[in-house]
Amino acid sequence: MPFLFRKEIKKLVFWLLLAAGVGWLVDYPLVATLIMALFFLGYYLKQLYSLLYWQAHSQEEPPEASGVWGEVFDNLYTYQRHQQDHQQRLRHILDRIQDSSQALKDGVVMIDARGELEWWNYAAEDLLGLRSPSDKGSPITHLLREPKFVDYFERKSYQEPLIMPSPIVEGRTLEYQVTLFGENDRLLLVRDFTRMQRLERMRQDFIANVSHELRTPLTVLSGYLETFSDHADTLPPKWQRGLTLMRQQSTRMEHLVEDLLTLSRLETSDLEVSVDPLNIEALLESIRQDALALSGNEHHITLDVDRQLRVYGSEKELRSAFSNLVYNAVKYTGPGTEIQVRWYHDRAGAHLEVVDAGPGIDPKHLSRLTERFYRVDQGRASSTGGTGLGLAIVKHVMLRHQGRLSINSEVGQGSCFTCHLPITRIHLVAPGETFDDD
Ligand code: ADP
């Protein structure tokens with residue numbers, strides 16, 4: 001029991017006993033005790049009233065009181081001050097966050113769990129045309145109605161940002177990035193992407209133009225080098241070696257230019273999907289023949305193909321992706337190596353797997369293999385004629401088909417490269433069903 005409470009009880013008992021004693025002297029002990037009890041009741045009621053009045057009128061200072069009541073008032077007062085300080089600090093932090101968000105050049109929009117607008121900064125008004133306060137509480141998908149945005153917003157998987165034309169300014173491109181927080185609340189960040197897009201377009205155009213411009217001089221050089229090679233035996237041995245090296249390097253440059261042009265086409269053009277599902281079996285068989293020619297029949301290449309399994313996609317691009325993987329398996333493994341190519345499907349989609357029992361790749365390289373010009377072994381790459389762009393092309397082709405490339409490898413065991421295509425692209429041939437290319 002708290003000390004003050006015990007003291008108060010003692011005080012009450014003392015006064016009641018005293019009243020009883022005095023009352024006994026005058027023959028009215030009960031009446032005296034009752035009067036004293038009523039006095040205490042009145043005192044407690046008065047203090048209770050003061051407390052409620054103080055609370056109701058939010059006065060600064062608590063009422064004056066002694067004993068247990070004084071203690072109650074002081075404690076309440078301290079608690080109240082503490083809460084007020086705390087609230088003030090929070091309000092200050094909130095104001096600062098809002099001020100700094102207002103100062104941002106990027107748009108910030110807070111959206112609640114129902115998808116309705118809660119708060120946004122000035123930049124969001126400028127970029128998206130939101131109006132304050134009339135748009136508050138409106139569903140974001142009513143204000144940004146573009147199906148691409150609605151789909152992105154409702155999909156709830158926000159790893160990648162969405163890049164789309166501005167809803168209010170023609171020629172302006174915006175990047176939208178949604179982040180989930182709290183209980184299904186969302187923060188939408190919007191930034192002007194026009195300049196970045198222009199720079200990206202300039203970069204793509206530059207690479208495409210340079211590659212294109214290099215094509216003609218390279219063709220002339222390669223043509224003459226080939227003609228000279230036909231008469232190489234009439235040249236001194238020193239020149240013959242130089243000629244061989246020049247031919248090798250010009251072939252490499254031609255491959256490089258071709259790969260750069262392929263990549264820039266993948267970046268700039270729209271995917272041309274076949275009307276009929278593609279016959280991957282025939283495609284793989286022709287890739288196998290080319291790969292065997294590349295290897296000089298030194299490798300064992302086996303095909304394990306699901307004949308019913310076809311996909312909708314770009315034949316040219318899938319040929320480029322699949323052949324890159326099979327040619328790599330030939331280029332980067334020694335003669336006599338087993339290479340298995342498997343085309344199958346499961347509940348996730350269709351898969352093209354190229355497994356080789358070659359030297360494998362150190363795990364530290366795996367995450368960077370699809371970067372442009374990344375090569376594990378520079379020396380060996382130049383001897384195999386690699387450009388370092390092959391896997392970048394495969395990755396791009398997969399992305400354009402909503403698929404992905406996965407790489408598994410272990411040094412000394414071999415490598416496994418798999419192209420995964422989504423289930424939506426699959427077509428399983430029914431018995432008796434035929435297509436034009438059969
Ligand atoms: P490149 O056009 O030079 O072949 P890629 O992008 O296709 O470039 O491949 C990048 C690197 O990955 C290559 O330099 C090579 O070291 C490594 N690599 C690719 N495939 C294999 C494989 N099957 N086995 C071992 N290494 C491989």
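The values are calculated or read from the model by the stated rules, or taken from the named source; none is laboratory data. Computed from a predicted model, the values in this text were never measured in an experiment. Because the Cβ atoms are built from the backbone with ideal geometry, glycine has one as well, and the counts that use them run over all protein chains shown. For the accessible areas, the whole protein counts, side chains as well, though only heavy atoms, and no ligand, DNA or RNA atoms are used. Shrake-Rupley method; radii C 1.70, N 1.55, O 1.52, S 1.80 Å.
Mean-square fluctuations from a GNM of the chain, with a 10 angstrom spring cutoff on Cα atoms, peak among H420, H92, H212 at H92. Applying 1/(1 + (r/R0)^6) with r as the Cβ-Cβ distance of E213 and S269 and R0 = 25 angstrom yields a FRET efficiency of 0.80. Sites listed here are GluC sites (Glu not before Pro) in the stretch 245-276 whose DSSP assignment is loop and whose Cβ has at most 13 other Cβ atoms within 10 Å: E272. Model label sites at E160 and H231, defined 7 Å from Cα along the beta-carbon direction, differ in position by 5.5 nm. A full extension of the chain between R145 and Q308 corresponds to an added length of 54.6 nm, given 0.36 nm per residue minus the alpha carbon distance. The alpha-carbon atoms of the chain define a convex hull whose volume equals 302 cubic angstrom per residue. For the stretch 266-275, 3J(HN,Hα) computed residue by residue from phi via the Karplus equation (6.51, -1.76, 1.60; θ = phi - 60°) reads 5, 7, 10, 9, 7, 5, 9, 8, 5, 6 Hz, glycine and proline entered as x. In the stretch 11-151, the inverse of the mean reciprocal separation of distinct Cα atoms equals 21.2 Å; this is its Kirkwood hydrodynamic radius.
By its C-alpha gyration tensor, with a ≥ b ≥ c as the square roots of the eigenvalues, how is the stretch 211-351 shaped: rounded for a/c under 1.5, else prolate for a/b larger than b/c, else oblate? It is oblate, given that a/c is not under 1.5 and a/b is not larger than b/c. Take the Cα of R131, step 7 Å toward its Cβ, do the same at L366, and the gap between the two points is 5.5 nm. You can think of it this way: the chain between F14 and L399 has 129.7 nm of extra reach, that is 0.36 nm per residue less the Cα-Cα gap. Residues in the chain average 63 Å² of solvent-accessible surface per residue, probe 1.4 Å, ligands and nucleic acids excluded.
In percent, how large is the relative contact order of the chain, given Cα pairs closer than 8 Å and 6 or more residues apart? Once divided by the residue count of the chain, the mean separation gives 9 percent. The gain in end-to-end length when the D205 to D436 segment is fully stretched comes to 79.5 nm, 0.36 nm per residue minus the alpha carbon separation.
Note on E410/A103: beta-carbon distance plugged into 1/(1 + (r/R0)^6) with R0 of 41 Å gives a FRET efficiency of 0.20.
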